[in-house]
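As structure tokens, the structure follows; a few thoughts come after it.
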Amino acid sequence: MNAPFSLPMVRGACPHDCPDTCALLTEVQDGRAVKVHGNPAHPLTAGVLCTKVARYTERVYHPERLQQPLRRAGPKGSGQFVAVSWDEALDDIAQRLGEIARRDPQAIVPYSYAGTMGQVQGEAMASRFFARLGASFLDRTICSNAGKVGLSYTHGAPVGMPVETFAASRLIWIWGSNAIASHLHFWRLAQQAKRAGAKLVCIDPRRTETADKCDQHVALRPGTDAALALGIAQQLIVNDWLDHDYLAAHTEGLDALRARALQWPPHRVAQVCGIDAQVVRDMAYDYAHTKPAGIRVNYGMQRARGGGNAMRAVFALPSLVGAWRHEGGGALLSNSGWFTRKAAADLPGLLKKSLGTRAPRVINMSTIADDLLAPASPAFGPSIQALVVYNSNPVAVAPDSSRVVKGFAREDLFTVVLEQFQTDTADYADYVLPATTQLEHWDIHASYGHTDIVLNQPAIAPQGQAWPNTQVFRALAARMGFDEPCFARDDQALCRDAFDLDDDQWAQLLEQGFYRLPVPAAPFAHGGFFTPSGKAALSNPHMASQGLDPTPDYVQPAEALGSAAYPLAMISPPARNFLNSTFVNVRSLRDIEGEPVLEIHPRDAAERGIEDGDEVAVFNHRGTYHCAARVTTRARPGVVHGLGVWWRKLGRRGTNVNEVVGTGLTDMGAAPLFYDVAVQVAKVS
């Protein structure tokens, strides 16, 4: 290995919910991880890590790291536990899950998301265990589902331009993304393009750190992105700034999109979005006359009621001007659709053994507050009697968190949590099982921001008695008498199982740490979209059978336009040094953030007698959370920003921003409305 390091290095992958999926090198001395670096041989990572992951050893060796199984010894939520052995914990868990399963296995619900993005420690063994058990199926919608579904209706899959080609763009729209904080290596490419003369435009309700560094900031109202995209399309159409040859050869549904877009002249867009009409005209002109033009879309846009439609409207734009013809042209939300994951061939058989011909009940993770409090009924099925949580912290991150707490506090709910720390959710567990970190287990990763497979090899032994998730579910399977061969697969075999890899590709992963998929620099220059026709579906007639409008439209936000009682729109973007609720307990990162804050425009603050640093109550009909006011022009008038996601017990008065977020869902993808919330704000005396 030609790297300027003096200590032995182990190749790995960043496990966190970020589009960069960095390749890592961990320095190891005497069995201890000394430092985590970016792998300089990985073209995207280029040896550079974000502030969070550069401090990963602080997480691994954190003094509050869980290192032995715990059983609850006090009221739920009190955090009172006693240490027990693995055998004692697993025997009791298996017995109690078995008793519930004999009555109705659908009363058992797994709850997990992206605490690790790994294919192995995520769902490889867990999905098999819960299928064999016959548990309810969890619909994992909480982050990105509206956007992915919307994009898939247009492109056939979540696919877009390779991220590295943004270096060749001459116009880059960064739409709904604070790339400096959430897509560091794309930002490096955007800066490279800017130095070569590219214009950077940030489209975001908040004046983010990224907006500060762009040539232009378009501060539209939350939830109005589809209106802006349709207005740009209207200008492209009426001025005939279209690539007619590309549209004829590689798209379908143009006439329907044309009719929809013509309803959105600049003055109407200006009224809805709260921007100047000339901005719409100028954006359309630049987009039509600058080649190549790339759009980097992130998931902020799709966290409002019309999020799926907004994504479809934005992704129609590159086809209108033929941007896909050029390297550096097109758009990117997610490239996860380029990866060929091997389907677990044994899952149908496992489900058949447990449920026969029945399909598993589906629980939407975004409505867990409702579902935990729902009684048994013919429509809902059995009440939830057991919850197994891994790779997630729902008490902190799920919408309507006061009702999530109420559900988790049920004495008749049996809850098992696999965790590295005593999170808000772990406080409500009956058993907490210590989990390994990324430096302590095997895993393999796809990415949604680039097109490399990245392998993670363990650098150190597990701390204390921590186990990988896979080991926990194997042990539970054995205790419950599940003897199918899949439960004997070790973690290296599961890494091989995850993707359709031949021996040479696997050897390259072991030797190099990553393997690049052969995706063309201009993947849709000649069509070849993943739709049945191979064409981009500017209007998709198949959506009508699902009760959806085939043509992208503006869907009015559920709440973000405000009301007399709750006049302020609220979005809750992540604090720069946290990732969802991960890293909140790392002292050095929490010290940088300081405390939970609400960004509020000076005009809105003055109307309420609020000064910078005051404690404020942010409230609506769902609840109240408390934080410090940050009076700043990062917020536009009428919009406030509750930076998240803090652990509740580390926030003021035991609350966080999700107190005021509801369980309503998006137009498609059944995803939550984190950025579509109406609130009032008051100074706390």
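One table, with the values for the structure above:
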{"quantity": "Convex hull projection area averaged over all views, segment 604-685, Cα basis, nm²", "calculated": "6.0"}
{"quantity": "Segment 130-278, dipole about Cα centre (Lys/Arg Cβ +1, Asp/Glu Cβ -1), debye to the nearest 20", "calculated": "460"}
{"quantity": "Apportionment of accessible area to carbon and sulfur, segment 56-151, percent (1.4 Å)", "calculated": "44"}
{"quantity": "Cross-link pairs Lys52/Lys199; Lys35/Lys342; Lys649/Lys683; Lys76/Lys353; Lys52/Lys353 - those with Cα-Cα distance over 32 Å", "calculated": "Lys35/Lys342; Lys76/Lys353; Lys52/Lys353"}
{"quantity": "With 20 Å bins from 0: P(r) over the chain, alpha-carbon pairs, percent", "calculated": "18, 53, 28, 1"}
{"quantity": "Heavy-atom accessible surface of segment 607-668: percent carbon and sulfur, 1.4 Å", "calculated": "46"}
{"quantity": "Calculated log₁₀ intensity ratio I(q)/I(0) where the Debye formula runs over C-alpha points of segment 343-499, q = 0.09, 0.12, 0.16, 0.17 Å⁻¹", "calculated": "-0.38, -0.69, -1.20, -1.30"}
{"quantity": "Backbone HN-Hα couplings from phi across segment 592-603 [Karplus 6.51/-1.76/1.60, Hz, Gly and Pro as x]", "calculated": "5, 5, x, 6, x, 10, 10, 7, 9, 5, x, 5"}
{"quantity": "Cα-based Kirkwood hydrodynamic radius, segment 19-156, one decimal, Å", "calculated": "19.3"}
{"quantity": "Percent of Cα pairs exceeding the 25 Å cut-off, where the set is segment 520-652", "calculated": "49"}
{"quantity": "Karplus (6.51, -1.76, 1.60) ³J(HN,Hα), θ = phi - 60°, over segment 80-89, in Hz, Gly and Pro reported as x", "calculated": "9, 9, 10, 6, 9, 7, 4, 4, 4, 5"}
{"quantity": "Rounded, prolate or oblate (a/c below 1.5 giving rounded, otherwise prolate when a/b exceeds b/c) for segment 258-327 by Cα gyration tensor", "calculated": "oblate"}
{"quantity": "Three semi-axes of the equivalent ellipsoid, segment 317-393, Cα gyration tensor, whole Å, largest first", "calculated": "39, 20, 13"}
{"quantity": "Value of [θ]222 nm, deg cm²/dmol, for the chain, DSSP H segments ≥ 4, -39500 (n - 2.57) each, nearest 500", "calculated": "-8000 deg cm²/dmol"}
{"quantity": "Rounded D (µm²/s) - segment 376-445, Kirkwood Rh over Cα pairs, Stokes-Einstein at 10 °C, 1.306 mPa s", "calculated": "118"}
{"quantity": "Probe 1.4 Å, protein heavy atoms only - accessible area per residue of the chain in square angstrom", "calculated": "35"}
{"quantity": "Distant-in-sequence amide H partners of Cys627 (H built 1.01 Å from N, under 5 Å)", "calculated": "Val616, Val618"}
{"quantity": "Value in Å of the Kirkwood radius, where segment 173-324 supplies the Cα pairs that are averaged", "calculated": "15.6"}
{"quantity": "Positive minus negative residues near Thr633 (Lys, Arg vs Asp, Glu; Cβ under 10 Å)", "calculated": "+3"}
{"quantity": "Cα pair distances of segment 562-615 binned at 5 Å [whole percent]", "calculated": "4, 15, 21, 20, 16, 12, 9, 2, 0"}
{"quantity": "Separation of alpha-carbon centers, segment 339-379 and segment 35-70, rounded to whole Å", "calculated": "34"}
{"quantity": "Percentage, to the nearest whole number, of Cα pairs in segment 407-511 over 21 Å apart", "calculated": "51"}
{"quantity": "Kirkwood-type radius of segment 115-191, with distances r between different C-alpha atoms, in Å", "calculated": "15.8"}
{"quantity": "Nearest-10 value in Å² for the accessible area of Glu659, using the 1.4 Å probe", "calculated": "10"}
{"quantity": "Calculated from backbone phi, Karplus (6.51, -1.76, 1.60) coupling profile of segment 406-420 in Hz, x at Gly/Pro", "calculated": "4, x, 5, 7, 4, 5, 8, 9, 8, 10, 10, 10, 9, 8, 9"}
{"quantity": "Sequence-distant residues sharing a close amide H with Trp175 (under 5 Å, placed H)", "calculated": "Ile203, Arg296, Val297, Asn298"}
{"quantity": "Disulfide-incompatible cysteines by the Cβ rule (no partner under 4.7 Å) in the chain", "calculated": "Cys18, Cys50, Cys143, Cys273, Cys486, Cys495, Cys627"}
{"quantity": "Cα centroid separation, segment 644-685 to segment 258-288 (Å)", "calculated": "31"}
{"quantity": "Whole-percent carbon and sulfur share, accessible surface of segment 387-531, 1.4 Å", "calculated": "50"}
{"quantity": "20 Å Cα-Cα threshold exceeded, pairs from Lys148/Lys535; Lys194/Lys291; Lys213/Lys291", "calculated": "Lys213/Lys291"}
{"quantity": "Cβ-based net charge around Ala670, under 15 Å, with every Lys or Arg adding one and every Asp or Glu removing one", "calculated": "0"}
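The values are calculated or read from the model by the stated rules, or taken from the named source; none is laboratory data. These numbers were taken from a predicted model, which means no experiment stands behind them. Virtual Cβ from ideal backbone geometry, glycine too; neighbours counted across all protein chains shown. For accessibility, only protein heavy atoms count, side chains too; no ligands or nucleic acids. Shrake-Rupley method; radii C 1.70, N 1.55, O 1.52, S 1.80 Å.
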